[in-house]
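Notes for the one structure printed next.
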Amino acid sequence: MDYNKINFKIEGEGVPIVLLHGFMESLEIWNDIYSDITKKYKVLSIDFPGHGKSIFTTKKNIFTMESIAEMVKIIMDKKNMQKAIFVGHSMGGYVALALAEKYPEIFLGLCLLHSTAESDSIEKKKHRLQSIQLAIKNYPLFVSISMNKLFHPKKLYSLQEKITFVKKIAFSTSINSVISFLKGMLIRKNRTFLLKNTSIPKLYIIGLYDLILDAKKIREEAKSGNSTNFIEIDTGHMGHIEKPKKIIKILENFIDSIRK
């Protein structure tokens, strides 16, 4: 991986925060919360390979969560960021968990935003394989179907402007990168043991109308962890897009509780 082709930005002062975006997203996905949190904290946000402005240069046909975690660690080292609170949205949470397994000492805290420590179920793996085939066959259709599922199903009309914004980011994502990340998510390991074996503060933000992750299952997962709390919000899978002010308040409370 050519790390010189990875786009990232770092702004603000204070408690270090690392923002890790989800599948077919970019660091722009944090726009609605970014200006507020950079006023109080030092924030590093990264475009994963083939996403946003990061160029897809590798010949690999798979991006494992571990390989992306290593990329994040290298960028942190370059910027002399020794510890941080990690906020991972969906796939970004999978990357954060891979990072936590190998480098627990760099974690001040972990927020899983519409994410899970579980590996893919058999059914989910089948869906990933179907997604790969659809992306190859009809990429625009794949993007449209995927993006609509991310939002509160009963508010698609009122959220149309936000859905269009997210679709624009998704369409800019390299199809080779999309396929490589789908394969990586499909084979990712179950890291629920980290919930029990680590004492770092952990927070799940759960969307009650999330069509990607079942709120009930995520609630039970969070309850099983050590130093793990959860907050439920009335959104789909994109709380930071649907209800940014609410997410800002939740994150600030979480970060400030760690800082005390």
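Please treat every number below as a calculation from the coordinates, not as lab data. Please read these numbers as outputs of a predicted model, since none were measured by experiment. Every residue, glycine as well, gets a Cβ built from its backbone with ideal geometry; the counts of neighbours run over all protein chains shown.
Between region 159-201 and region 217-256, the alpha-carbon centres lie 17 Å apart.
Between residue 223 and residue 57, what FRET efficiency comes out of the Förster formula 1/(1 + (r/R0)^6) with R0 = 51 Å and r the beta carbon distance, rounded to 0.05? Please list the in-between numbers first.
Values: r = 42 Å, r/R0 = 0.82.
In this case the efficiency is close to 0.75.
With the contact rule set at Cα under 8 Å and sequence spacing of 6 or more, what percent relative contact order holds for the chain? Answer for the chain is 22 percent. Residue 248 sits among other residues whose Cβ lies under 9 Å from its own Cβ, and their net charge, with Lys and Arg +1 and Asp and Glu -1, is 0. The GluC sites (Glu not before Pro) found in region 8-60 that occupy coil by DSSP, while having at most 13 further C-beta atoms within 10 Å, are 13. Taking each DSSP H run with n ≥ 4 as -39500 (n - 2.57) and averaging over every residue of the chain yields -13500 deg cm²/dmol at 222 nm. Computed from the C-beta positions of residue 154 and residue 102 and an R0 of 45 Å, the FRET efficiency is 0.65 to the nearest 0.05. Taking the DSSP bridge list for the chain and keeping only pairs wholly inside it, about 15 percent are antiparallel. Using all Cα-Cα distances in region 87-140, what percent lands in each 5 angstrom bin from 0 up to the longest? Taking every Cα pair in region 87-140, the percentages come to 5, 17, 19, 18, 16, 12, 7, 4, 1. Dividing the Cα radius of gyration of region 135-254 by its Kirkwood radius returns 1.00 for Rg/Rh. Here the relative contact order of region 34-169, from alpha carbon pairs under 8 Å that lie six or more residues apart, stands at 15 percent.
In this simple spin-label model, placing a label point 7 Å from the Cα along the Cα-to-Cβ direction at both residue 82 and residue 257 gives a separation of 2.7 nm.
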